[in-house]
Amino acid sequence: MRTVTEHQSFITTLITRPEPVVLPLEQAAGRVLAEDLVAERPLPAFDNSAMDGYAVRASDIAGASAASPVTLPVGADIPAGRVDGPALQPGTAHRIMTGAAMPEGADAVVQVEATDGGTHNVTIHEARDAGKHVRTAGEDVRAGDTVLPAGAVLGPSQLGLIAALGEPAVTVIPPLRVLVLSTGSELVEAGKPLLHGQIHESNGIMLATAVRAAGAVAEQLRFVADNVDEFHEALNSRIDHVDLVITSGGVSAGAYEVVKDALAGQGVEFVKVAMQPGMPQGAGLVHGVPVVTLPGNPVSALVSFEVFLRPALRAAMGLPDTQRTLVRATLTEALDSPARRRQFRRGVLDREAGTVRPIGPPASHFLRWMAAADCLLDIAEDVTHLDAGARVDTWLVS
Ligand code: AMP
Ligand code: MG
């Protein structure tokens, strides 16, 4: 039997980094920069006013005060965006707005609050040093500066910076395209009536949502019957268009294990992993595309995704937080755990109290308790019993 850690590294090796692509900024949110971003132009691009007020020569208003204000004729109006602002003649002021280019000859701005706000003449009540309230070209970014390193995650501020530098697109590690393929002849679409023995399909949306939450792109192919020919046909129709296939169902020890029957000896290794839930697992390459086969029981499928796929997907896409936040907490009640299995139990954390309450039975079809949990208790292989009050590792999954 394989350990959880061994199967984790097997899957992490299988899923490799996609080639960088150039994406428009609109599509780059949450992605990771594939290379250092070097500014081609400075920020600000030109000297401009930091205030609404008047552009002046500091020497013309030296000594201005409330007791002895200085009055200057106003030569021109320079709103933001004006591209033909005239030069400032000595002994005059231009009315200027925040972000407008400083006129040639001006070296300071007096904010409107320190003046009478006049439009023909302006009376200024305070002196200003040269450079005051002027944003100088390049003071934020100089051309040639590395403003973001390769590996930076592009959130609002990073994308804002890239846009400010005039770049419409950026080179990023693209999201992996993942096909979630659900097998099972018993599966019926939600909203449709069931015959006795049929169930509503639920792994598809569950795994696709988990894939998206991990930062990748998911498409679904559902209701693939437990028939080897049908499975091959379904897989072959889509595998060349994706970077990874995740199947659910058909990998246990029974008969009619369609995924196992179809892919054993075809590049996919089927193994038992020393864990609960999720013991039957498989992974390998089909047509050069990684295929990871998860068990069909919903809790097994989602726990397996958490343990094996989420870390591998995020690592391949260069995304941070490949591991969930670990919180060590005190058990509120005793629990038993199978020998020689790393057990993942559902739980609810009280972070203030530092406690964790296990919820629901350990079996892998109790989906309701998975939905109520905010953490997984990670119980080591050799542990068979924990008393209330014991300390246990939990993974924050919500
Ligand atoms: P299997 O691994 O195919 O033997 O399935 C194990 C259990 O999970 C069975 O009870 C299946 O009906 C159930 N199951 C398998 N696939 C799905 C699915 N996509 N949605 C909901 N339940 C499923
Ligand atoms: Mg099945």
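The values are calculated or read from the model by the stated rules, or taken from the named source; none is laboratory data. The structure displayed is predicted, hence computed values, not measured ones. Note that we place each Cβ from the backbone using ideal geometry, even for glycine, and neighbour counts take in every protein chain shown.
Overview of values
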item: Residues of the stretch 243-280 satisfying the condition of being more than 11 Å from ligand 1 (Cβ to nearest atom), under 20 Å from residue 179 (Cα atoms) and polar (S, T, N, Q); result: 266
item: Subset of the stretch 62-91 [crowded, with 22+ Cβ neighbours inside 10 Å and of a type in the set (Val, Ile, Thr)]; result: 78
item: Subset of the stretch 206-226 that is within 16 Å of ligand 2 (Cβ to nearest atom) and in a helix (DSSP H, G or I) - its residue that is farthest from residue 22 (Cα to Cα); result: 206
item: Qualifying residues in the stretch 168-184 (those that are over 18 Å from the mean Cα position of the chain (by Cα) and crowded, with 17+ Cβ neighbours inside 10 Å) - the one farthest from ligand 2 (Cβ to nearest atom); result: 179
item: Total residues in the stretch 179-203, condition within 6 Å of ligand 1 (Cβ to nearest atom) and not β-branched (Val, Ile, Thr); result: 7
item: Output for the stretch 97-143, where each listed residue is hydroxyl-bearing (Ser, Thr, Tyr) and part of a loop (DSSP other than H, G, I, E, B); result: 98, 119, 136
item: Within the stretch 281-310, considering residues that are in contact (Cβ under 8 Å) with a residue 40 or more places away in the chain and of a type in the set (S, T, N, Q), the one nearest to ligand 1 (Cβ to nearest atom); result: 297
item: Candidate set: the stretch 254-267, residues that are of a type outside the set (S, T, N, Q) and away from ligand 2 (no atom under 16 Å from the Cβ); chosen: the one nearest to the chain's Cα centre (by Cα); result: 267
item: All positions within the stretch 171-205 that are in a strand (DSSP E or B) and within 30 Å of residue 29 (Cα to Cα); result: 171, 172, 173, 177, 178, 179, 180, 181, 182
item: Test result for residue 233, more than 10 Å from ligand 1 (Cβ to nearest atom) and over 13 Å from residue 180 (Cβ atoms); result: yes
item: Some residue of the stretch 48-68 being free of Cβ contacts under 8 Å to residues at least 12 places away in the same chain and not hydroxyl-bearing (Ser, Thr, Tyr); result: yes
item: Subset of the stretch 195-205 that is over 18 Å from residue 299 (Cα atoms) and within 16 Å of ligand 2 (Cβ to nearest atom) - its residue that is surrounded by the most Cβ atoms within 10 Å (Cβ to Cβ); result: 198
item: Qualifying residues in the stretch 326-368 (those that are among the polar types (S, T, N, Q), in contact (Cβ under 8 Å) with a residue 40 or more places away in the chain and more than 13 Å from residue 380 (Cα to Cα)) - the one surrounded by the most Cβ atoms within 10 Å (Cβ to Cβ); result: 364
item: From the options 79, 73, residue that is without any contact (Cβ under 8 Å) to a residue 60 or more places away in the chain and either of a type in the set (S, T, N, Q) or touching a His at 6+ places or on another chain (Cβ under 9 Å) (or both); result: 73
item: Verdict on residue 273 being assigned by TED's automatic domain parsing to the domain that holds residue 287 and within 13 Å of ligand 2 (Cβ to nearest atom); result: no
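The rows are residues; the columns are (1) among the aliphatic types (A, V, I, L, M); (2) over 46 Å from the mean Cα position of the chain (by Cα); (3) over 30 Å from residue 176 (Cβ atoms).
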{"site": "35", "(1), (2), (3)": "no, no, no"}
{"site": "61", "(1), (2), (3)": "yes, yes, yes"}
{"site": "72", "(1), (2), (3)": "yes, yes, yes"}
{"site": "87", "(1), (2), (3)": "yes, yes, yes"}
{"site": "91", "(1), (2), (3)": "no, yes, yes"}
{"site": "103", "(1), (2), (3)": "no, no, yes"}
{"site": "127", "(1), (2), (3)": "yes, yes, yes"}
{"site": "131", "(1), (2), (3)": "no, no, yes"}
{"site": "139", "(1), (2), (3)": "no, no, yes"}
